[in-house]
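The values are calculated or read from the model by the stated rules, or taken from the named source; none is laboratory data. Note that the coordinates shown come from a computational prediction; the quantities given were computed from them, not determined experimentally. No Cβ is skipped: glycine too gets one built from the backbone with ideal geometry, and neighbour counts run over all protein chains shown.
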Amino acid sequence: MDNFREKLRIQNLIMAIGCFVLAVFCLLFTAGEAGILPFLTPAAGDSHWQSMWRGFVTGASFAILAFLIFGLVRNTRALHNEKLLKKLYIKEHDERSIQVWTSARAAAFQAFLLLGLVAIVAAGYFSVTVSLTILGCVWFGSIVALLFKVYYSKKF
């Protein structure tokens, strides 16, 4: 259980740093939208696109910040309460849940690759840039999957 406590402390440190960085991003992009920091604008697109992009980045930053704060509070409560710590440990180390998530990720990745191939063909009729971008994503995902397969086949 001491190893799990240490793991939670490290997670808390990382989440606290992430909260600080995301809070700074939120402030910078909100200030950019207000016109206080006009240098935080995308290089391409008109003012509507630039405003939409800053709003997207700000919203995404706030959403991730909320998840980090939720995790930070959950871990801190567990570190101060033995009962919650045991409950969280069991939740994170439940073999059935781990297997379900592993199977779900494998199926999702296979679907991503197959649907990506379909999207490459479909996008090729409308935009070469989009088609090649999707091809790059599928290629990159395939290479990463192959590298992990080699790694885990040697590990086990």
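Hey, any hits in the stretch 1-8 for a residue that's within 26 Å of G141 (Cβ to Cβ) and either at pLDDT 95 or above or in contact with a Ser or Thr (Cβ under 9 Å, 6 or more places away or on another chain) (or both)?
no
Which residue pairs have Cβ atoms under 7 Å apart, sit 6 or more places apart or on different chains, and have a first residue in the stretch 110-121 that is within 21 Å of K149 (Cβ to Cβ) and a second that is in a helix (DSSP H, G or I)?
Final answer for the pair search is F112/G141; L113/V138; L113/G141; L113/S142; G116/I134; G116/C137; G116/V138; L117/V138.
Give all pairs with beta carbons closer than 8 Å in which a residue from the stretch 45-56 that is part of a helix (DSSP H, G or I) meets a residue that is of a type in the set (S, T, N, Q); count only pairs at least 6 apart in sequence or on separate chains.
Q50/T41; R54/T41
If I filter the stretch 90-97 for residues that are surrounded by fewer than 11 Cβ atoms within 10 Å (Cβ to Cβ) and outside any helix (DSSP H, G or I), do I get at least one hit?
Among the residues of the stretch 90-97, at least one is surrounded by fewer than 11 Cβ atoms within 10 Å (Cβ to Cβ) and outside any helix (DSSP H, G or I), which makes the answer yes.
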